[in-house]
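Below you'll find the structure, written out as structure tokens, and then a few comments.
The values are calculated or read from the model by the stated rules, or taken from the named source; none is laboratory data. Since the model is a prediction, treat every value here as computed from it, not as a measurement. Methodologically, a virtual Cβ is constructed for each residue, glycine included, from the backbone with ideal geometry; neighbour enumeration extends over all protein chains shown.
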């Protein structure tokens with residue numbers, strides 16, 4: 001099967017490409033730049049021009065492909081998110097794509113939440129389903145890999161503090177990107193995959209329990225610091241832009257809104273029923289096992 005991957009060079013795309021190649025698929029990257037894969041583990045991967053804002057380029061990119069597997073950056077304008085979904089869906093229909101697997105990269109509700117990025121994911125899903133292709137929407141909650149990003153890892157390594165905008169009692173089924181990739185491959189391989197596949201790890205953990213598992217993996221004490229979502233956003237903004245000022249509709253503003261909403265719910269929306277993933281033969285990775293595999297230098 002020939003599979004085109006949008007976002008193949010990104011953090012979520014690289015594990016997907018690796019998993020698809022290991023499973024024997026013929027993989028092509030769709031990207032705006034011809035050299036997009038040069039700095040990845042797959043510099044020789046065939047690449048075609050694809051711009052998610054241009055349905056004509058997408059139709060040409062999708063031509064000759066059997067399936068589409070991808071994620072998209074968060075978009076905080078719901079109309080623009082819907083337009084991206086419509087461009088991808090119409091191009092998939094025109095090119096005769098048979099299977100679409102979309103990694104939403106976040107929890108997706110069955111109704112509008114007033115959170116533009118989350119609600120925009122629903123609009124994208126609807127547009128993809130309208131293409132007529134067999135769809136599976138893999139909906140992971142929160143990535144373990146966030147802990148090794150530049151906004152988290154230095155604090156863990158240098159100060160022994162896992163700082164995150166989760167309330168002390170918020171339970172999360174943290175899931176690793178390798179497991180997300182495995183779920184996407186399984187969705188392609190199994191015609192009975194559900195339309196919606198909520199995905200999480202095997203344990204619903206509060207922050208202190210995450211710190212306990214990091215301590216076990218690193219062999220030294222790590223403690224959890226619950227950050228207010230606005231403080232987390234300001235720290236992220238300062239790290240990237242040099243300013244703690246959080247601009248409206250920025251990724252930092254969006255992340256603060258995500259976690260304010262998550263923290264305010266009486267029942268955590270980030271706890272996942274493991275049964276649908278188990279029916280696909282998936283075995284999620286425990287956090288301590290994932291953490292032991294990381295480079296904490």
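Output the residue which, of all residues in the range 202-222 that are touching a helix residue (DSSP H, G or I) at 6+ places or on another chain (Cβ under 6 Å) and assigned to a loop (DSSP other than H, G, I, E, B), is nearest to residue 159 (Cα to Cα).
Restricting to residues being touching a helix residue (DSSP H, G or I) at 6+ places or on another chain (Cβ under 6 Å) and assigned to a loop (DSSP other than H, G, I, E, B), the top hit is 222.
Whether any residue in the range 32-47 is at pLDDT 95 or above and part of a strand (DSSP E or B) is what I want to check.
There is at least one residue in the range 32-47 that is at pLDDT 95 or above and part of a strand (DSSP E or B).
From the list 260, 292, 244, which residue is more than 27 Å from residue 115 (Cβ to Cβ) and surrounded by fewer than 18 Cβ atoms within 10 Å (Cβ to Cβ)?
Among 260, 292, 244, only 292 is more than 27 Å from residue 115 (Cβ to Cβ) and surrounded by fewer than 18 Cβ atoms within 10 Å (Cβ to Cβ).
Residues checked against (1) outside any loop (DSSP other than H, G, I, E, B); (2) under 20 Å from the mean Cα position of the chain (by Cα):
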| site | (1), (2) |
| --- | --- |
| 235 | yes, no |
| 238 | yes, no |
| 243 | no, no |
| 266 | no, no |
| 278 | yes, yes |
| 284 | no, yes |
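Given the conditions (1) closer than 21 Å to residue 117 by Cα; (2) touching a residue at least 24 places away in the same chain (Cβ under 8 Å), report the number of the one that residue 265 does not fulfil.
Looking at each condition in turn, residue 265 falls short on (2).
For the structure I just gave you, tell me whether residue 57 is over 24 Å from residue 195 (Cα atoms) and part of a helix (DSSP H, G or I).
Answer is yes for this residue.
Conditions tested, residue by residue: (1) surrounded by fewer than 19 Cβ atoms within 10 Å (Cβ to Cβ); (2) part of a loop (DSSP other than H, G, I, E, B); (3) in contact with a strand residue (DSSP E or B) (Cβ under 9 Å, 6 or more places away or on another chain); (4) at pLDDT below 95.
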| site | (1), (2), (3), (4) |
| --- | --- |
| 146 | yes, no, yes, no |
| 168 | yes, yes, yes, no |
| 180 | no, no, yes, no |
| 188 | no, no, yes, no |
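Among 92, 105, which is the only one that is under 21 Å from residue 13 (Cβ atoms), modelled with pLDDT of 95 or more, surrounded by 19 or more Cβ atoms within 10 Å (Cβ to Cβ) and more than 14 Å from the chain's Cα centre (by Cα)?
The unique qualifying residue is 92.
Using the structure shown, decide if residue 35 is out of contact with any strand residue (DSSP E or B) (no Cβ under 7 Å at 6 or more places or on another chain) and surrounded by fewer than 19 Cβ atoms within 10 Å (Cβ to Cβ).
Judged against the criteria, residue 35 is a match.
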